Each structure stands twice: as structure tokens, then as C-alpha cells.
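Enquirer: Encoded as C-alpha cells, here's the structure I'll be asking about.
The values are calculated or read from the model by the stated rules, or taken from the named source; none is laboratory data. Quantities reported herein were computed from a predicted structural model and do not represent experimental measurements. Backbone-built Cβ (ideal geometry, glycine too); neighbour counts: all protein chains shown. Quick note on the areas: whole protein, heavy atoms, side chains included, nothing else; ligands and nucleic acids left out. Shrake-Rupley method; radii C 1.70, N 1.55, O 1.52, S 1.80 Å.
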Amino acid sequence: MNRIELKLYGLLHIKNNEESAMNIKVNSFDDQIEVYIKNALTLSKSLKLQGISFTLLTNDKVHINKILNNINEFLVVEEITFSTVVPTGSRFYSAHFKLDVFKYFSTLESKEYVGICDLDMICINQLPQSLENCINDKIPCFYDITDQVINAYGANTIINDIELLTGVRSEGRWAGGELILGDSSFFKKLSNTIDDIYINYINNIKTLHHVGDEAFTSAALEIL
């Protein structure tokens, strides 16, 4: 059987005056973007050492390439279409556009196995055989952080949030936004399911314990 290659992507959606830099302190918008680009460069270089390709997806390739030129670095950057409606002033504003990345993945060739990972990550080891098996069998994977969020916020908080979005009983399993993998058919099902519940997310955005992609992705994964 031919080995299927893993292709990883990151997201850097650029929108000035929105709350995207929630975990860092910067002096200006361009400083914020440069930090994320340098994170993406570090991630890309670490993946390359393991033979894994990385592409940065964005809504403003010109802006990113300008900064890359200024710091004399190269990164594979691709501009895609973004259509998700995000309320102005939402925390983790840019993270919501992972839904558009899921939709983009759904259009790729069926033989590809792809994933999106957060930019503040680094690959330090070779892929474990268990993940190689998932890739070759096209088994979707996500980063389960249920134990972390329940310890931090309590099981009832997590369950209530998911039930607000799904409208049905929840087991309270939470997917961290750091990594999600699969083939195009999986991402089509995932994005379609998120589309079905996104209005519930928007209607409850002010009451959820977490605002961002993790909420609607966790709810959609539970439905699937």
C-alpha cells in the first residue's frame, strides 16, 4: 500500500482592530502579525525536519509576504476565500475562520490527508506509528482536551455549552483547536455540521465559557 503523506496548514486571518492576539502583548497590529508569522516559520521548519509540508492560509497574502521579505524569510502562503460571519469585537476573532479552512479542506482531492494546527506549536518528534496508521486509513483525529477543560471549568459548564449548540444531551467532550486531521470527506461533514449549528453559536456567544472555534467544532464533532 502506498503511504499517504500528511499535509499540514496554519491559519493567519488578518483584520485590524479585532481581538485576535489574546495570549500575547504587542505594541502594534504589524507587531502582532509578525509574531504569528515567526511562529509559523518555526512550526514550518520543525515539520520540514520530519518530512511534513506546511502551508499558511490567509486572506491577505500580500501583507504576509511583505513582512516575510522584511525579515528575509520564506514561507509557503496561500490565499483562500473567507465567508464566515463573525460578530465584531468577538474574542479570538480570527480563530472563527477555521470554519472556512474546513470548507477549503473539503474541496481537496479525496486521496489527501490534511490538517490544521495552531501556529504556536512545534514538531519535536517523528510521527508515531499510530498516527501513520490513522493517516493511511484516513481516520480523522482531533486533540481531546476534555480532562483539561473539565478540571478548569467543571463538567457542567462544558456540557451546558455544547448542549446550547447541539440542542441535545451532551457527553461533554471538548476538542482543542491545536490540531484536527482528516480527509476531504470528513471535513465536508464537519463543515456542514458546523453550518447547521453556527446560528446557535452566534445566539449564545455571550454566555459560552469559551468563544472561538473550539466551541462549535467540539459540538459538531460530538454530533458526528
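Enquirer: Restricting attention to the stretch 12-38, which residues are farther than 16 Å from LYS98 by Cβ, at pLDDT 95 or above and not β-branched (Val, Ile, Thr)?
Expert: Hit for the stretch 12-38 is LYS38, nothing else.
Enquirer: Would you call ILE52 among the β-branched types (Val, Ile, Thr), within 29 Å of ILE124 (Cα to Cα), free of Cβ contacts under 8 Å to residues at least 60 places away in the same chain and touching an Asp or Glu at 6+ places or on another chain (Cβ under 9 Å)? Give the steps one after another, and end with the answer.
Expert: Details: among the β-branched types (Val, Ile, Thr): yes; within 29 Å of ILE124 (Cα to Cα): yes; free of Cβ contacts under 8 Å to residues at least 60 places away in the same chain: no; touching an Asp or Glu at 6+ places or on another chain (Cβ under 9 Å): yes.
No, not satisfied.
Enquirer: For the stretch 145-158, which residues satisfy the criterion of being exposed (fewer than 14 other Cβ atoms within 10 Å of the Cβ) and not hydrophobic (A, V, I, L, M, F, W, C)?
Expert: ASP147, GLN148, ASN151, GLY154, ASN156
Enquirer: Give me a count of the residues in the stretch 197-213 that are in contact (Cβ under 8 Å) with a residue 12 or more places away in the chain and open to solvent by 30 Å² or more (accessible area, probe 1.4 Å).
Expert: So in the stretch 197-213, the residues in contact (Cβ under 8 Å) with a residue 12 or more places away in the chain come out as 197-198, 200-202, 204-205, 207-213.
Now restrict to residues that are open to solvent by 30 Å² or more (accessible area, probe 1.4 Å): 200, 202, 204, 207, 209-210.
Looking only at that region, the number is 6.
Enquirer: Filtering the stretch 29-87 down to residues that are open to solvent by less than 70 Å² (accessible area, probe 1.4 Å), aliphatic (A, V, I, L, M) and over 18 Å from the mean Cα position of the chain (by Cα), which residue is farthest from GLY212 (Cα to Cα)?
Expert: If we take residues in the stretch 29-87 being open to solvent by less than 70 Å² (accessible area, probe 1.4 Å), aliphatic (A, V, I, L, M) and over 18 Å from the mean Cα position of the chain (by Cα), then ILE71 is farthest from GLY212 (Cα to Cα).
Enquirer: More than 16 Å from the chain's Cα centre (by Cα), of a type outside the set (Lys, Arg) and under 29 Å from ALA215 (Cβ atoms): is that true of LEU108 in this structure? Give the derivation first.
Expert: On the way: more than 16 Å from the chain's Cα centre (by Cα): yes; of a type outside the set (Lys, Arg): yes; under 29 Å from ALA215 (Cβ atoms): yes.
Yes.
Enquirer: Filtering the stretch 159-172 down to residues that are of a type in the set (D, E, K, R) and surrounded by fewer than 18 Cβ atoms within 10 Å (Cβ to Cβ), which residue is farthest from VAL149 (Cα to Cα)? Working first, answer last.
Expert: Within the stretch 159-172, the subset of a type in the set (D, E, K, R) is 161, 163, 169, 171.
So of that shortlist, the ones also surrounded by fewer than 18 Cβ atoms within 10 Å (Cβ to Cβ) come out as 163, 169, 171.
Numbers: GLU163: 16, ARG169: 18, GLU171: 13 Å.
The extreme case among them is ARG169.
Enquirer: State whether one or more residues within the stretch 157-180 are closer than 24 Å to HIS13 by Cα and of a type in the set (Val, Ile, Thr).
Expert: Scanning the stretch 157-180 turns up at least one residue that is closer than 24 Å to HIS13 by Cα and of a type in the set (Val, Ile, Thr).
Enquirer: Counting only residues that are touching a residue at least 40 places away in the same chain (Cβ under 8 Å) and among the aromatic types (Phe, Trp, Tyr), which one in the stretch 111-158 is nearest to LEU57 (Cα to Cα)?
Expert: The residue in question is TYR113.
Enquirer: If you check GLU163 against the conditions, is it more than 15 Å from ASP213 (Cα to Cα), charged (D, E, K, R) and over 19 Å from the mean Cα position of the chain (by Cα)? Spell out how you get there, then give the answer.
Expert: On the way: more than 15 Å from ASP213 (Cα to Cα): yes; charged (D, E, K, R): yes; over 19 Å from the mean Cα position of the chain (by Cα): yes.
The answer is yes for GLU163.
Enquirer: Would a scan of the stretch 62-75 turn up a residue that is within 25 Å of SER191 (Cα to Cα) and out of contact with any Lys or Arg (no Cβ under 7 Å at 6 or more places or on another chain)?
Expert: Start the filter on the stretch 62-75 by keeping residues that are within 25 Å of SER191 (Cα to Cα), which leaves none.
There is no residue in the stretch 62-75 that is within 25 Å of SER191 (Cα to Cα) and out of contact with any Lys or Arg (no Cβ under 7 Å at 6 or more places or on another chain).
Enquirer: Within the stretch 96-126, restricting attention to residues that are of a type in the set (Lys, Arg) and modelled with pLDDT of 95 or more, which residue is surrounded by the fewest Cβ atoms within 10 Å (Cβ to Cβ)? Give the steps one after another, and end with the answer.
Expert: Kept after step one, since they are of a type in the set (Lys, Arg), are these residues of the stretch 96-126: 98, 103, 111.
Subsequent filtering for residues that are modelled with pLDDT of 95 or more retains 98, 103.
Numbers: LYS98: 24, LYS103: 21.
Step by step, filter the stretch 96-126, then rank; the result is LYS103.
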